[in-house]
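Notes to accompany the following structure.
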Amino acid sequence: MRRLQSIAAGVSRAGALVGGAMLLAAAVTICIDIFLRYAFARTVGGADELAGYALAIAGAWGLSMALLSRSHIRIDTVYVRVKSRAVRAALDVLSVAAFAVFAALVAWHGWGVLRLSYESGSRSQSALETPLAIPQAVWLAGLAFFVAVALLLLARALVAWARGDLDGLFRLIGSKSATVEAKEEIAAVEQALEKR
Amino acid sequence: MSAGISLAVLLLVLGSSIAVAAGMLLTGLVLNQVYSPMPLTRMMGELAWSTTSNFILTAIPFYIMFGEILLRSGIAERMYNAMVQWLSWLPGGLMHSNIGSCAMFGSVSGSSVATAATIGVVAIGEIQKHKYNERLFLGTLAAGGTLGILIPPSINMIIYGVMTDTSVPKLYLAGFLPGLVLTLLFSLTVLIACLWRPRWGGEKVSTTWAERWRTLPDLLPPLVLLLIVVGAIFLGLATATESAAVGIMGALAMTAWRGRLTLGMLREVCEGTVRTTAMIVAILIGAFFLNVVIQTIGLTQQLGKLIKTHELTPAQVLTAVIVLYIVLGTFMEELSMMISTIPITTPLIIQAGYDPVWFGILLVLLIQTAMVTPPFGINIFVIHGIRARGTLSDVEVGASPFVVALLVMIALICAFPDIAMWLPRAVG
């Protein structure tokens with residue numbers, strides 16, 4: 001299962017990179033569009049639409065990376081005041097289970113959206129007339145992967161719990177305290193500023 | 001009745017440390033089950049797709065990416081040094097440069113955490129060098145950083161604008177003057193503190209006019225970016241999303257000019273952007289679903305009725321909302337606090353006759369206050385983390401005079417709404 005998780009981490013990193021690259025490409029396209037609008041008084045059109053798809057796809061594929069790096073926001077005001085490690089572990093498992101339900105629900109109903117677009121052959125109402133099923137399929141793949149990652153994490157956490165390995169469980173799905181999160185933000189800033 | 005239960009369910013679910021996004025979705029499910037005969041879950045797919053492929057929201061990842069690039073461009077350090085030359089003659093010295101740099105960086109960045117972290121890392125070494133009162137110095141960084149979301153661009157304003165159908169350019173215009181006033185208030189706070197206790201102000205930094213003029217060009221890059229990003233919106237040349245895209249290109253060009261544009265840097269930018277974006281997207285999906293449920297079960301109307309039966313005046317409603325945010329803001333993470341409460345508070349405030357643009361600015365000020373009030377104030381954690389020693393309460397104490405300044409600002413904007421509303425009206 002550990003192997004599975006490192007594969008999942010690799011895939012979600014790749015997904016995030018592609019998503020980020022799509023966003024960057026969308027920004028470039030928009031700039032070209034603006035340039036043409038003011039320099040030649042004409043528009044290619046569709047740049048905004050593509051940017052929307054880029055956000056949906058990057059967002060969906062990023063969900064799993066954020067889950068693996070424990071970046072999703074949790075209100076831990078009560079959590080950090082709970083002394084019992086067992087109760088904390090239970091809260092962590094509850095949280096990741098809730099996330100699995102969240103992922104499954106959104107993906108399931110997202111599947112409905114994709115099926116409808118595909119069956120009715122609906123296209124976007126724009127100059128591009130994009131068959132909506134194409135961006136939606138990539139989007140849904142990201143959501144489906146998110147479900148898989150959430151379930152994998154839940155399974156690994158349950159195994160760790162059954163073995164009594166609470167430290168392992170916290171490493172997998174524990175709530176990151178705000179201090180830890182602040183430290184990561186700072187580390188990123190320092191690294192960025194020192195690279196010259 | 002259902003209003004109270006709804007709020008209780010939401011707070012209970014979020015309090016149990018379930019991830020905020022999942023918590024809001026599940027609260028929506030529970031409320032839907034209990035109060036509405038219609039199964040709204042079927043809308044979830046359509047909602048998730050239409051929310052996340054929304055062009056206006058694309059501005060969010062763009063601003064995040066813009067910030068990630070700016071950070072790596074070397075603009076911040078040079079800007080800070082120039083600010084030191086120009087502002088450190090004031091009583092309080094570098095602390096004014098901290099606030100000035102935060103305001104300037106905030107005017108190109110849409111995030112408070114990024115602003116506090118960036119200026120904080122650059123400035124923190126100066127405390128020891130010039131023997132400043134450490135607490136107050138840390139306070140200027142934590143509080144100054146919050147300016148990032150008030151001075152446009154602002155990620156929080158975009159989220160507010162999309163969730164409440166309010167014009168983002170108008171919100172930007174409305175945030176500009178309060179941002180300026182608050183910057184001056186922060187500086188005034190330092191000034192008063194250092195006139196009262198001159199020792200807090202540290203040793204003078206010696207500068208010469210030659211040095212000042214030499215560093216002046218270092219203020220240009222952020223100014224140019226500010227003009228591109230905000231100017232284009234104000235002049236109606238580009239939408240918020242478009243100007244963010246142009247900003248990305250501008251920041252990339254400056255990074256390349258400084259010789260820092262590499263493939264590895266771009267990879268870091270992409271990863272960082274997507275991680276933060278996904279986190280926000282998850283919360284937005286949950287919030288939009290909860291929003292639909294709340295509207296369908298008529299929660300806002302119920303609250304409205306409640307207000308009518310108790311004959312509350314608009315001012316009383318407003319006071320109640322402000323108090324609610326100050327209380328929630330002490331212990332809740334700021335972004336989730338904002339997103340999970342907007343569907344309930346904004347309709348109430350609008351029903352009471354207040355302008356949604358004006359309330360957007362007030363809300364941002366309340367979120368800023370939340371960011372520097374313990375026990376949960378994200379900017380306090382950031383600055384404490386950068387300092388890497390001492391206690392958290394040093395930063396909390398240091399930030400407290402600025403909390404007062406923020407409360408004064410909130411009172412000002414309530415007493416004189418025109419501070420926010422004059423500019424959007426003048427531009428039309």
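Among B:TRP89, B:TRP200, B:TRP49, the largest mean-square fluctuation in a Gaussian network model of chain B (Cα springs under 10 Å) belongs to B:TRP49.
With the charge dipole of region A:46-196 set up from +1 on Lys and Arg Cβ and -1 on Asp and Glu Cβ about the Cα centre, the Cα lying farthest toward the positive end among the listed residues A:ALA150, A:LEU166, A:SER120 is that of A:LEU166.
The phi torsions of region B:233-248, fed into the Karplus equation with coefficients 6.51, -1.76 and 1.60 and a -60° offset, translate into couplings of 6, 4, 7, x, 7, 8, 7, 4, 5, 4, 5, 5, 4, 5, x, 4 Hz, rounded to whole numbers, with Gly and Pro shown as x.
Once you have a ≥ b ≥ c as the square roots of the Cα gyration tensor eigenvalues for region A:30-81, tell me rounded if a/c is under 1.5, and otherwise prolate or oblate according to whether a/b is larger than b/c.
Details: a/c = 5.68, a/b = 3.40, b/c = 1.67.
Note, shape of region A:30-81 comes out prolate.
Give the calculated FRET efficiency between A:ALA155 and B:VAL205 to the nearest 0.05, with a Förster radius of 60 Å applied to their Cβ-Cβ distance. That pair, A:ALA155 with B:VAL205, gives E of 0.55.
From other protein chains only, count the Cβ atoms within 10 Å of every residue's Cβ in B:69-76, then give the mean. The partial results should precede the final answer.
Values: counts 2, 1, 5, 7, 1, 4, 0, 3.
Mean number of neighbouring Cβ atoms from other chains: 3.
Region A:1-72 and region B:128-171 have Cα centres spaced 26 Å apart. Of all lysines in the structure, those lying under 23 Å Cα to Cα from B:LYS131, and not within fewer than 8 positions of it along the same chain, are B:LYS204.
Reported to two decimal places, what Rg/Rh ratio describes region B:68-203 when computed on Cα atoms with Rh from the Kirkwood expression?
Numbers: Rg = 15.3 Å, Rh = 15.1 Å.
Looking at region B:68-203, the ratio lands at 1.01.
Put in order of Cβ neighbour count within 10 Å, fewest first, the listed residues A:LEU17, B:LEU366 become A:LEU17, B:LEU366.
Between the amide H of A:ARG123 and those of A:LEU132, distances stay under 5 Å, these residues lying 5 or more places away or on another chain, with hydrogens modeled in the peptide plane. Working from Cα positions, state the angle (0 to 90°, nearest 10) between the long axis of helix A:133-162 and the longest principal axis of chain A. Tilt of helix A:133-162: around 0 degrees. Charge dipole (Cα centre; +1 on Lys/Arg Cβ, -1 on Asp/Glu Cβ; no other charges) of chain B amounts to roughly 620 debye.
Comparing Cα centroids, region A:99-167 and region B:38-72 end up 15 angstrom apart. Counting only lysines at least 8 places from A:LYS176 when in the same chain, those with an alpha carbon closer than 17 Å to its own are A:LYS83.
A simple charge model with +1 on the Cβ of Lys and Arg, -1 on the Cβ of Asp and Glu and nothing else charged puts the dipole of region A:48-131 at about 720 debye relative to its Cα centre. Residue ranges B:19-29, B:205-215, A:84-94 sort as B:19-29, A:84-94, B:205-215 when ordered by packing (mean number of other C-beta atoms within 10 Å per residue, highest first).
With helices as the sole contributors, chain B gives -25000 deg cm²/dmol at 222 nm; each DSSP H run of n ≥ 4 counts as -39500 (n - 2.57), and the sum is divided by every residue. Taking 0.36 nm per residue of sequence separation and removing the Cα-Cα distance, the A:ARG115/A:ARG42 pair yields an extension gain of 22.7 nm. Residues of region B:166-209 with amide nitrogen under 13 Å from the 7 Å Cα-to-Cβ point of B:ASP418? No residue passes the distance filter.
With r as the distance between the Cβ atoms of B:LEU216 and A:ARG163 and R0 = 45 Å, compute the FRET efficiency 1/(1 + (r/R0)^6) and round to 0.05.
Values: r = 63 Å, r/R0 = 1.41.
Computed FRET efficiency for A:ARG163 and B:LEU216 comes out at 0.10.
Across region B:158-173, rounded Karplus estimates of 3J(HN,Hα) from the backbone phi angles (6.51 cos²θ - 1.76 cosθ + 1.60, θ = phi - 60°) give 5, 4, 4, x, 5, 6, 10, 6, 9, 5, 5, x, 5, 4, 4, 4 Hz, Gly and Pro being marked x.
Provide B:LEU266, B:LEU7, B:LEU12 in ascending order of the number of other Cβ atoms located within 10 Å of each residue's Cβ, fewest first.
Values: B:LEU266 19, B:LEU7 16, B:LEU12 12.
With the sparsest Cβ surroundings first, the list reads B:LEU12, B:LEU7, B:LEU266.
Rounded, prolate or oblate: which one fits chain B, using the alpha carbon gyration tensor with axes a ≥ b ≥ c (rounded when a/c is under 1.5, else prolate when a/b beats b/c, else oblate)? Cα axes put chain B in the prolate bin.
First check a/c for the protein assembly as shown, with a ≥ b ≥ c the square roots of the eigenvalues of its C-alpha gyration tensor; if it is under 1.5, answer rounded, and if not, answer prolate when a/b is larger than b/c or oblate otherwise. Rounded, because the longest to shortest axis ratio a/c is under 1.5. The phi torsions of region B:300-310, fed into the Karplus equation with coefficients 6.51, -1.76 and 1.60 and a -60° offset, translate into couplings of 5, 4, 4, 4, x, 4, 4, 5, 5, 5, 8 Hz, rounded to whole numbers, with Gly and Pro shown as x. Can you check what the net charge comes to around B:LEU57, using other residues whose Cβ is under 14 Å from the Cβ of B:LEU57 (Lys, Arg +1; Asp, Glu -1)? Result for the local shell: -4. Taking the Cα centre of the protein assembly as shown as reference, the dipole from Cβ charges on Lys and Arg (+1) and Asp and Glu (-1) amounts to some 1080 debye.
Here, each number is a calculation from the coordinates, and none is a lab measurement. Values in this document were obtained by computation on a predicted structure and should not be read as measured data. Positions of Cβ are generated from backbone atoms using ideal geometry, with glycine treated the same way; all protein chains shown enter the neighbour counts.
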